[in-house]
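K.L.:
One structure coming up, written as structure tokens, with questions to follow.
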Amino acid sequence: MKKVTLLLPLILLITVCLFFLLFILFEKDPNNPPSVLLNKNLPLFSSVNLYNDKEYLASEDLKDKYTLINFFASWCAPCKAEHNLFFEIKKEIPDLFIFGISYKDKPSDSKKYLKQEGNPYSFVGVDQEGKIAFEFGVFGLPETYIINNKGKIIFKHAGALTKKIIDDEITKLF
Amino acid sequence: MKLQNFFKFLLFIFFITFSYTSFSKDNINDRYKKLTLELRCMTCQNQSVYDSDSDFAKNIKKIVKEKFKEGLNEKEIKDFLTKRYGEYILLKPYFSSKNLLLWVFPFVLLVLSMLIFIRNLKKN
């Protein structure tokens, strides 16, 4: 009994430290680290239209509307898995501007992919060298961001979207 | 004699230039290796950017090389990368108030263990 009383402060301290450690590590999925860009302004970029090389879309053009930005590629299997969900999002939130960015993909392959799977995007940009993706901190495909009408990033998801994520997280933002 | 001196001078210039370029190249390569070893390949399992051949690692290696050539130092390149990828890209996180517990906790445990050990020694 005396021993336990002696060790009590130590046990208490370890418990408190463990509690803090768990608090720090809680919800920190190593496969989906939190984005530093969340609640920050949209990075500056300009992207050419996949279907018209004279048309560009710049970050300034997105500042007055809610925008969903999706990085995809024809060679990315998880992108195919989430692709149809963008049609559902479009139906559920018609005012949302859906901006697809073809990442490190040949424009001809992206066009072929969108012809086969359908094109849910309001604008399809090209990022062949991955420079736009770098500004967004993209590290794997697919990645999805939502920007509010003030130009701030309010949502980020790395990996394929699911119906549950759309229902539980995305639709609640509107 | 004058021609001989001229050639000696040329040889001297060549030697200096060659040594300088090879030294600066080695210097950049060493710094590049050191820094990429401290960066996490975010698409790999516990691998540094230096050790990985993934698309992500190749991209970061290219950026680090470019930034060194532009004259940025290690700290500036780390800041440039953490602005986009967060501190998660660093294998060794910064020492900050946010990470204080992570850094201090092992030392707190060590000191406590030593105190208990000394106390027990004195008792015996």
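K.L.:
Considering only residues of segment A:9-31 that are in a loop (DSSP other than H, G, I, E, B) and more than 10 Å from every other protein chain (Cβ to nearest Cβ), which is modelled with the highest pLDDT?
P.N.:
A:29
K.L.:
To continue, here is another question. Tally time: how many residues in segment B:94-124 are at pLDDT 80 or above and either touching a Ser or Thr at 6+ places or on another chain (Cβ under 6 Å) or of a type in the set (Ser, Thr, Tyr) (or both)?
P.N.:
1
K.L.:
Here are the criteria: (1) closer than 18 Å to residue A:153 by Cα; (2) surrounded by fewer than 18 Cβ atoms within 10 Å (Cβ to Cβ). Tell me which single one residue A:112 does not satisfy.
P.N.:
It is condition (1) that residue A:112 fails.
K.L.:
Here's another thing I want to ask about it. Which ones in segment B:43-80 are within 9 Å of chain A (Cβ to nearest Cβ) and touching a helix residue (DSSP H, G or I) at 6+ places or on another chain (Cβ under 6 Å)?
P.N.:
B:43
K.L.:
Restricting attention to segment B:25-42, report how many residues are in contact with a strand residue (DSSP E or B) (Cβ under 9 Å, 6 or more places away or on another chain), among the hydrophobic types (A, V, I, L, M, F, W, C) and more than 10 Å from chain A (Cβ to nearest Cβ).
P.N.:
Residues that pass the stated criteria total 2.
K.L.:
So is residue A:103 closer than 25 Å to residue B:39 by Cα and surrounded by 14 or more Cβ atoms within 10 Å (Cβ to Cβ) or not?
P.N.:
yes
K.L.:
Same structure again: Within segment B:66-97, track down each residue that is in contact with a strand residue (DSSP E or B) (Cβ under 8 Å, 6 or more places away or on another chain) and basic (Lys, Arg).
P.N.:
B:78
Each row is one residue, and each column tells you yes or no for (1) surrounded by 13 or more Cβ atoms within 10 Å (Cβ to Cβ); (2) over 15 Å from the mean Cα position of the chain (by Cα).
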{"residue": "B:48", "(1), (2)": "yes, no"}
{"residue": "B:53", "(1), (2)": "no, yes"}
{"residue": "B:56", "(1), (2)": "yes, yes"}
{"residue": "B:61", "(1), (2)": "yes, no"}
{"residue": "B:67", "(1), (2)": "yes, no"}
{"residue": "B:77", "(1), (2)": "yes, no"}
{"residue": "B:82", "(1), (2)": "yes, no"}
{"residue": "B:85", "(1), (2)": "yes, yes"}
{"residue": "B:89", "(1), (2)": "yes, no"}
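K.L.:
Among (1) over 21 Å from residue A:62 (Cβ atoms); (2) surrounded by fewer than 22 Cβ atoms within 10 Å (Cβ to Cβ); (3) not basic (Lys, Arg), where does residue A:148 come up short?
P.N.:
So residue A:148 meets the others, but not (1).
K.L.:
Can you tell me which condition residue A:67 does not meet? The list is (1) among the polar types (S, T, N, Q); (2) modelled with pLDDT under 95; (3) within 17 Å of residue A:157 (Cβ to Cβ), and all the others hold.
P.N.:
Answer for residue A:67: the failing condition is (2).
Yes or no, residue by residue, for (1) over 30 Å from residue A:17 (Cα atoms); (2) part of a loop (DSSP other than H, G, I, E, B):
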residue: B:36; (1), (2): yes, no
residue: B:45; (1), (2): no, yes
residue: B:57; (1), (2): yes, no
residue: B:94; (1), (2): no, yes
residue: B:100; (1), (2): no, no
residue: B:106; (1), (2): no, no
residue: B:109; (1), (2): no, no
residue: B:115; (1), (2): no, no
residue: B:118; (1), (2): no, no
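K.L.:
So how many residues does segment B:82-100 have that are facing chain A (nearest Cβ under 9 Å) and of a type outside the set (Phe, Trp, Tyr)?
P.N.:
8
The values are calculated or read from the model by the stated rules, or taken from the named source; none is laboratory data. Just so it is clear, the structure is predicted and the values come from calculations on it, not from any experiment. Using ideal geometry, Cβ is built from the backbone for each residue, glycine included, and neighbour counts are taken over all protein chains shown.
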